[in-house]
Amino acid sequence: MPGDALPPQTRRVDVGEWHEAVRSARDEGYAFFDWLSAVDESDAVVATEAPDGSGTDAAAGEDAGEARLLPGVDVLCHLLRVRAPGPGGLDRLLLRTRVPEGGALRSVTDLFPGAAWHERETHEMFGVSVEGFDDGTGLGLRPLLLPEGFEGTPLRKDFVLAARASKPWPGAKEPGEGPEGAAPRGRRPRRRLLPPGVPDPSWGPRRD
């Protein structure tokens, strides 16, 4: 299998070491900036301490180290290193850090100017504060994709999609449901699940 088709090497770093980790990677030869984005981990479960003193992995699918992280937003940066020309000559590196709620991330625009658009998108879509951002315009973290005056962070899990809140979501939501949302004849209907972005009853009555 070609080297550039293999999964990237992943390094998880502390948020306070983010800028230095990106700088170190660049010095190692990972001089091609590919992309920077984020994942909302606000519902992550923090591991608890077991009676015998061992750590309990409370977050399914994560290792014990990741499970102990505080909820927040994971920021990821993908870098490439050209080891040799031709297929299989690329090394891939994925840097990952958890930005806790209310925390901030240091900008890497001084290391990779091309990261400016990615940091602007991550800021407006996930609400991640970026310190020291400089794209050479002096305009700061202005909107990239959303219109001026837009409120909210659309890629956060707690963001409510207004279109889905204002009227019922059409079509079947559960396996086996008919086009009108009815359960097949002879089967007991399953509990209906709300699609992503629809507020639950705790938000109050729906206005149709």
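Each value in this text was obtained by applying a stated rule to the coordinates, not by laboratory testing. This is a predicted model, so every value here is computed, not measured. No Cβ is skipped: glycine too gets one built from the backbone with ideal geometry, and neighbour counts run over all protein chains shown.
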R0 of 35 Å, Cβ-Cβ distance E151-V82: FRET efficiency to nearest 0.05 | 0.25
With Rg from the Cα atoms and Rh as the Kirkwood inverse mean 1/r over Cα pairs, region 83-154 has an Rg/Rh of 1.07
Give me the number: length gained by fully extending E131 to L6, i.e. 0.36 nm times residue separation minus the C-alpha to C-alpha distance, one decimal in nm.
-> 41.7 nm
Projected label distance in nm at V160 and L70, using a 7 Å step from Cα toward the beta-carbon | 2.7
